[in-house]
Each structure stands twice: as C-alpha cells, then as structure tokens.
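What follows is a set of notes on a single structure, which appears directly below.
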Amino acid sequence: MVGAGPAGCAISLLIARAGIEVTLLEAAPSLSSPFRGEALMPSGFAALERLGLSSLPTTVPQRSLKGWRLLVEGQSLLEVPEPLDPGPACTLVAQEELLATLLEQASESPCFKRRQGVRVTGLRRQGARIGGVTLDHGASLAADLVVACDGRASMLRGQAGLPLQLAPPQHEVLWFLLAAEAVAEIRDWLEGTFLTVLGAGNGFALFETAANQNLRLGWLCRPGDDLDLTPGEWLERLAQTCTAPLAPWLRQLPTTALQGPLRVPIQVGLAKRWHQDGFLLLGDGAHPLSPVRAQGLNMALRDAVVAAEELVPALRQGGGHTLDAALPEIERRRHPELRRIQTLQSAEFSSGELLRSQGWLRQLLAAQPNLFRPLMTQIWLGRQRQLRQGLPLGSSPGGP
Ligand SMILES: Cc1cc2nc3c(=O)[nH]c(=O)nc-3n(C[C@H](O)[C@H](O)[C@H](O)COP(=O)(O)OP(=O)(O)OC[C@H]3O[C@@H](n4cnc5c(N)ncnc54)[C@H](O)[C@@H]3O)c2cc1C
C-alpha cells in the first residue's frame with residue numbers, strides 16, 4: 001500500500017486482519033498534517049462499522065455537528081438540525097488520531113508492516129505486470145499487488161497510465177484557523193453548527209474543529225482575487241461579507257488570532273480506469289473531489305472496504321491472474337457512487353456560486369427570508385440526504 005491517508009490505512013487494516021501480508025509505505029515522517037478532511041458522514045460511519053469501529057474510540061477527538069445554517073446578506077435562509085435522519089449526525093473527527101487508531105488495530109496483526117518516512121519513487125514491472133515499487137535511495141520492494149492511495153496528486157496514477165477525466169475547474173478554498181482563546185463569543189453564537197455566509201459577492205464557511213475549540217474558516221476564492229492580504233485586511237474582508245453580530249466580532253479580533261491561509265486548489269476528476277495488472281488506484285488518487293459537503297474522507301474509507309472485499313478472496317487464492325481479475329469489480333462497484341457524489345457536489349457548487357455572484361438574487365431572498373426558507377431547505381435537504389448516505393455499499397459473498 002502506498003500512502004497512509006484514510007484509504008491506505010483502512011485497506012491495510014482489512015488486508016492484515018484477513019491474515020495477508022501487507023506493507024504500508026508513507027512518505028511523510030508522521031501522520032500529522034496541517035489540515036485534512038474532518039467530516040464523517042453517515043456513509044463514512046457505515047464504512048467504519050465494516051472496519052470494526054462501530055463507535056469511535058474516545059482517543060479520537062470528535063464533535064457531532066448540531067446543525068447547518070446559511071446566512072445570505074445577514075438573513076437566515078436555512079437552519080437544519082443534526083442528525084437529519086435517524087442514525088449518526090455528521091461528526092467532525094481529528095483525522096490524525098483516526099488514522100492512528102486504524103494503524104494501531106492493523107499492528108495487532110503480525111502480517112502488517114509500516115514504513116513511515118519512505119517515499120515511493122516509481123513502479124517496478126515484471127513483464128507486462130506491475131510487480132512492486134521503487135523507493136528512495138534506489139531500493140525497491142516486490143509485491144503481488146501495488147495499491148496506490150497516494151492522494152489527489154497521485155504520482156503512481158500517472159506512472160500506471162491511468163489518466164483522470166477532469167471536471168471543469170472550480171474555485172479554490174483558502175483555509176484559516178481562528179484561535180480558540182480569541183473567539184469564545186463567536187463559538188457560543190455558532191452553537192456547534194456549520195455556518196455558510198454569503199454576502200457582498202463573497203462567501204465563507206465557519207465551524208468549530210473536532211478538537212481544541214478553534215474555529216476553521218474556509219474562504220472561497222474567485223479567479224483574480226487579491227490574496228496577498230495581511231491578517232488585518234483578511235479580517236476586514238471577512239467582516240464585509242457578513243452583518244452583526246459576526247461582523248463586529250471579526251473586526252475586534254486581534255490579528256494574531258487568524259492563522260493561515262492554507263491554499264487548497266480544487267481539482268475534481270475521476271479516473272476512467274482504476275487498475276492495471278498488479279496495480280490498483282484508490283481514494284483521492286482515483287477521484288479527487290470538491291470540498292463541497294466534505295466527502296473525501298468518507299469516500300476513501302468506502303473505497304477501502306469494497307476493495308478489501310474483492311481482494312481478500314483473490315489474494316487467498318494466490319494472486320496473479322485471479323487477483324488481476326478481481327480488480328475491475330472494485331472499479332465497477334465504486335464508480336456509480338463517485339459519479340453521483342460528483343454530480344451532486346457540482347450542483348451544490350453551482351447553486352452556491354449563483355447566489356454568491358448574483359447580488360439581485362441575494363437581495364431578493366434576504367428581503368423575504370420567511371417566504372424563501374422552506375424552499376431553500378427543501379432543495380438543500382434533497383441533495384444533502386443523497387450526499388451523506390451514499391449508495392448501498394453492497395457486499396461480495398467471498399469478502400472478509
Ligand atoms: C485542506 C483539506 C480539507 C479537507 N476537508 C475535508 C472534510 O472536511 N471532509 C472530508 O471528507 N474530506 C476533506 N478533505 C479531503 C480528504 O482529506 C481527502 O479526500 C482524504 O484524505 C483522501 O484520502 P486518501 O487516503 O485518498 O489520500 P490522502 O489523505 O491525501 O493521503 C495520501 C497519502 O499518500 C502519501 N503519499 C503521497 N505520495 C507518496 C509517495 N510517493 N510515497 C509514499 N507516500 C506518498 C501522502 O503523504 C499522504 O499521506 C480535505 C482535504 C484537504 C486537503
């Protein structure tokens with residue numbers, strides 16, 4: 001397995017637990033990263049249940065969302081409490097600790113080996129088949145199967161000749177962190193909800209993180225935006241997007257309370273083919289997703305569950321051609337859900353973009369919030385329910 005993100009850690013656990021030897025190679029020296037996907041949806045909880053984690057251990061910092069709110073020109077046009085339906089609420093989790101939990105469980109199997117701080121530099125071929133990877137410093141490792149879980153910029157995807165079909169470019173997100181000690185009033189006012197703010201032609205999302213009581217703020221960039229701002233200028237720009245009570249609170253914040261931005265370009269795509277003989281692509285590498293309604297963590301876990309169900313019986317039968325024959329089934333089972341998620345995310349993005357860019361529309365909605373709130377809620381719920389549940393995971397009769 002290449003890459004210790006959610007896809008790589010989850011599939012390593014499932015394969016090792018089935019008593020099959022697996023080596024996980026990760027380039028970074030540790031699991032910590034500045035910021036990665038935090039939102040677990042019911043679809044992600046369903047995958048975790050298949051991983052044997054029907055409830056998250058308390059060592060994983062976590063916080064259930066209390067609901068979703070949308071403010072347009074200062075008027076509330078959506079207020080939906082969590083959970084939307086019977087079942088788990090959307091929950092923010094600290095990804096580093098979640099990954100550590102998966103790896104801790106994988107380590108209980110003598111079949112699991114982890115090599116942290118080892119970069120994979122390429123694929124090793126044995127005839128027509130991919131038969132392992134090359135590593136830093138000229139070393140190499142042979143394998144019956146290489147599973148590339150190396151993220152959205154996957155180098156191995158290119159090496160295996162599996163191009164992405166790219167969706168039209170979307171805007172970028174700039175992520176900021178607001179320090180816990182400076183934002184008590186804003187945090188109390190948020191009451192654990194995920195807030196989206198649209199106003200004055202701009203927009204941002206604001207929510208409390210899983211741990212530390214910091215607030216995370218995602219600012220949607222437009223092409224040509226001047227992003228070279230000081231923290232004070234950013235706070236003023238944020239304040240101009242909203243109204244009281246949020247605007248004055250933002251203006252009063254000390255500039256040291258604002259950390260960032262971390263710039264995350266959005267590239268959305270889907271690899272038409274996820275496999276070659278001896279090679280499989282999973283997670284963001286196979287389907288970089290938009291950040292809209294936070295699906296990446298969930299989809300990566302679900303890829304791993306489906307892949308393990310198909311791979312374990314084939315690996316037990318000895319790999320080779322049996323293994324290669326199992327690979328198309330993984331892609332076949334995962335493609336419909338990914339296509340649907342990307343279509344829904346794109347529709348959600350377009351609606352938000354329409355509202356953000358059309359001042360007259362925002363003014364119309366904000367002039368009569370009581371009239372438009374039921375319609376906005378109905379449209380939002382229709383998409384959100386499909387996004388958060390995913391399609392039935394299904395199962396393979398021979399799976400683990
Ligand atoms: C800022 C940000 C915010 C996000 N917010 C959310 C959210 O709220 N909810 C959500 O569901 N998703 C979110 N996502 C997306 C989510 O984090 C990803 O979809 C998810 O982590 C994908 O998992 P993955 O295992 O496919 O890849 P990744 O998590 O990207 O892991 C890939 C791993 O491969 C390693 N690697 C890469 N190349 C090599 C190599 N050559 N050799 C060895 N190792 C290598 C990398 O170091 C990395 O650890 C966010 C992403 C970002 C960047």
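Residues that are exposed (fewer than 14 other Cβ atoms within 10 Å of the Cβ), among the small types (Gly, Ala, Ser) and at pLDDT 95 or above do occur in the range 363-381, at least one of them.
Residue count for the range 28-44, restricted to those that are crowded, with 21+ Cβ neighbours inside 10 Å and either closer than 14 Å to residue 100 by Cβ or in contact with a Ser or Thr (Cβ under 8 Å, 6 or more places away or on another chain) (or both): 3.
The conditions of being over 30 Å from residue 22 (Cβ atoms), in a helix (DSSP H, G or I), modelled with pLDDT of 90 or more and touching a Phe, Trp or Tyr at 6+ places or on another chain (Cβ under 7 Å) are not met by residue 354. Checked against the criteria, residue 307 does not count as within 16 Å of the ligand (Cβ to nearest atom), buried (at least 21 other Cβ atoms within 10 Å of the Cβ) and modelled with pLDDT under 90.
Residues are listed down the side, and each one gets a yes or a no for (1) within 26 Å of residue 143 (Cβ to Cβ); (2) of a type in the set (D, E, K, R); (3) surrounded by fewer than 19 Cβ atoms within 10 Å (Cβ to Cβ); (4) within 9 Å of the ligand (Cβ to nearest atom):
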| residue | (1), (2), (3), (4) |
| --- | --- |
| 274 | yes, no, no, no |
| 283 | yes, no, no, yes |
| 289 | no, no, no, yes |
| 292 | no, no, no, no |
| 298 | no, no, no, yes |
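Note on the range 241-259: residues that are assigned to a helix (DSSP H, G or I), exposed (fewer than 15 other Cβ atoms within 10 Å of the Cβ) and not charged (D, E, K, R) total 4. For the range 116-130, filtered to residues that are loosely packed, with under 14 Cβ neighbours inside 10 Å and within 14 Å of the ligand (Cβ to nearest atom), the residue that is farthest from the chain's Cα centre (by Cα) is 122. The number of residues in the range 154-169 being in contact (Cβ under 8 Å) with a residue 60 or more places away in the chain, within 14 Å of the ligand (Cβ to nearest atom) and not in a strand (DSSP E or B) comes to 4.
Here's the yes/no breakdown for (1) outside the structural domain of residue 48 (by TED's automatic domain parsing); (2) in contact with a Lys or Arg (Cβ under 9 Å, 6 or more places away or on another chain); (3) of a type in the set (Phe, Trp, Tyr):
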position: 321; (1), (2), (3): no, no, no
position: 334; (1), (2), (3): no, yes, no
position: 363; (1), (2), (3): yes, no, no
position: 366; (1), (2), (3): yes, no, no
position: 373; (1), (2), (3): yes, no, no
position: 377; (1), (2), (3): yes, no, no
position: 383; (1), (2), (3): yes, yes, no
position: 391; (1), (2), (3): yes, yes, no
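For the range 287-295, indicate whether the set of residues that are in contact (Cβ under 8 Å) with a residue 40 or more places away in the chain and more than 20 Å from residue 385 (Cα to Cα) is non-empty. Yes, that holds for at least one residue.
Sort out which residues of the range 221-249 are closer than 20 Å to residue 187 by Cα and touching a residue at least 40 places away in the same chain (Cβ under 8 Å), and write them in order of number. Across the range 221-249, the qualifying residues are 234, 240, 241, 242, 243, 244, 245, 246, 249.
The one condition from (1) out of contact with any Asp or Glu (no Cβ under 9 Å at 6 or more places or on another chain); (2) on the phi > 0 side of the Ramachandran plot that residue 246 does not meet is (2). Take residue 133 and tell me if it is closer than 30 Å to residue 366 by Cα, more than 19 Å from the chain's Cα centre (by Cα), modelled with pLDDT of 95 or more and in a strand (DSSP E or B). No; evaluated as a whole, the condition is false for this residue. Is it fair to say residue 216 is among the charged types (D, E, K, R), in a strand (DSSP E or B) and surrounded by 13 or more Cβ atoms within 10 Å (Cβ to Cβ)? Yes. Here the strands (runs of 3 or more DSSP E) wholly within the range 1-113 that include at least 1 residues being in contact (Cβ under 8 Å) with a residue 24 or more places away in the chain, within 28 Å of residue 264 (Cα to Cα) and within 11 Å of the ligand (Cβ to nearest atom) are 22-26, 91-93.
The values are calculated or read from the model by the stated rules, or taken from the named source; none is laboratory data. Small disclaimer: the values here were computed from a predicted structure and weren't measured. Backbone-built Cβ (ideal geometry, glycine too); neighbour counts: all protein chains shown.
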